[in-house]
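Heads up: the structure comes next, in C-alpha cells.
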Ligand code: FO1
C-alpha cells in the first residue's frame, strides 16, 4: 500500500501515474485542504477536486484544474448580474460544489462527502482530506494578509509573500484513516508528490501528530522535487521560495522536508545538487508532460522506495549515523 501526499496540479499528475501502476486498493491519496474556501455561498475544495477530476479522467489538462468538458453559462450569467467571476466555475463543476455544500450543511464530514462523490465519479482509489476540520492557508504579503485563493487566483500570485499561516491547523485532527495508514505494517512508502511544499504539503505536516506519525512510520518517505533547474513546473513555488529568503532549488526543498525524507527524486538537470541533499537521491525525468511520463516517474519513485525498504535504517538513526 502506498500513501501519496498531494496538492495542486503536480500532485495530481503523480497521483495519476501511481494510480496507473497500483491496484486501486493499494493507493491512498491524502490531499491538502488549505486551499479550501467559501465562495458564492459554496464550499470549494480545489485540491480534492483537482485529484478527483484527474483520477476520474475528467480533468482539464491545459488549465490543471476544473473539467475538460465544461460550458460557462453560469459564469456568463454571473457576469451579467454583476456577481464575482474572478474564480472561474464551469457549469458542471458548479454541480460538484453545490452537492458538496448541501451535504456538508447536513452535517456530513468532508471525507464522507468526498468518498461519496468520488464513488459517483467512478474513482476506485481513496481520496482522503488530510483532516475533516477546517485548515485555511493565509499569506502575509505586501498587500497585507490574504486568503489563499485571493492571493493565488484573484491576485495571480503577484503579491510578495513574507509569511504563511495555516489557520486552524493547530486545532485540526489528522484524519484517523491517514494516521492508521501511516502505522499500517502493509504500508510500503509515503510519496510526497511534486507539489508546492509551502501551500500543498506543509499544511498537512502542520496538523498535530502528522510529522511524528511520519517519523515513526516504518515505510520509507520519498519526495519528488517540484523544482527543476531553479524553476517551478507550474505555480508560485520558486517565486515564493525567493520571497521567503530561500534558494529556489531542488536541494532547498529537500532541506525544507529535513528529517522526514529517506529518498528524494530530482531531475537530471539538478544533478549538481545531489551532494547537498541528506537523503538517498534518485535522478529522473521529473517533468511530466505525457501520461507515459506520469507512469514512468511513478514507477521510478516506487522502485526507489523498494531499494530504501531493503536498506532500512530508521530515519532518526540514519541522521545520527550521518552526523
Ligand atoms: N485557478 C486559477 O488560477 N483560476 C481559476 O479561476 C480557478 C478556478 C478553480 C475552480 C475550481 C477549482 O477546483 C480550482 C480552481 N482553480 C483556479 C485552481 C485553484 O486555485 C487551486 O487552489 C490551485 O490549483 C492550487 O492548488
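What order do you get for 192-201, 39-48 when each peptide is scored by the mean count of other beta carbon atoms within 10 Å, highest first?
Highest to lowest by the protection proxy: 192-201, 39-48.
Quick one: which of 212-223, 77-88 comes out on top by average Cβ neighbours within 10 Å, and what's the full order, highest first?
Ranking, from highest mean packing down: 212-223, 77-88.
Please state the relative contact order of the chain as a whole percent: Cα pairs under 8 Å, 6+ residues apart?
Relative contact order, the chain: 19 percent.
Taking the alpha-carbon centroid of each part, what is the distance from segment 151-167 to segment 205-224 in angstrom?
What the calculation gives is 26 Å, centre to centre.
So how tilted is helix 91-105 from the main axis of the chain? Cα-based, degrees 0 to 90, rounded to 10.
80 degrees
Helix-only mean residue ellipticity at 222 nm, the chain, DSSP H runs n ≥ 4 weighted -39,500 (n - 2.57), per residue, nearest 500. What is it?
Taking each H run of at least 4 residues, the total per residue is -11000 deg cm²/dmol.
Distance in nm between label sites at residue 162 and residue 104, each 7 Å beyond Cα in the beta-carbon direction?
The modelled label-to-label distance comes out at 3.1 nm.
I'd like the orientation of helix 46-55 relative to the chain: the angle between its Cα long axis and the longest Cα principal axis, in ° from 0 to 90, rounded to 10.
Its long axis makes an angle of about 80 degrees.
Can you say what percent of the DSSP beta bridges in the chain, counting only those with both residues inside, are antiparallel? Round to 5.
In the chain, approximately 40 percent of DSSP beta bridges are antiparallel ones.
Name the shape class, rounded, prolate or oblate, that the alpha-carbon gyration tensor gives for segment 58-137, where a ≥ b ≥ c are the square roots of its eigenvalues, rounded holds for a/c under 1.5, and otherwise prolate holds if a/b is larger than b/c and oblate otherwise.
Judged from the Cα gyration tensor, segment 58-137 comes out prolate (a/c at least 1.5, a/b above b/c).
Let me make sure I get this right: for the chain, a, b and c are the square roots of the gyration tensor eigenvalues over alpha carbons, sorted descending. Under 1.5 in a/c it's rounded, otherwise prolate if a/b > b/c, else oblate. Which is it?
Prolate, because a/c is 1.5 or more and a/b exceeds b/c.
Compute the acute angle (0 to 90°) between the alpha-carbon long axis of helix 8-21 and the principal axis of greatest extent of the alpha-carbon atoms of the chain; round to the nearest 10°.
The angle comes out at about 60 degrees.
None of the figures in this text is laboratory data; all of them are computed from the coordinates on show. Quick caveat: nothing in here was measured; it's all calculated off a predicted structure. Using ideal geometry, Cβ is built from the backbone for each residue, glycine included, and neighbour counts are taken over all protein chains shown.
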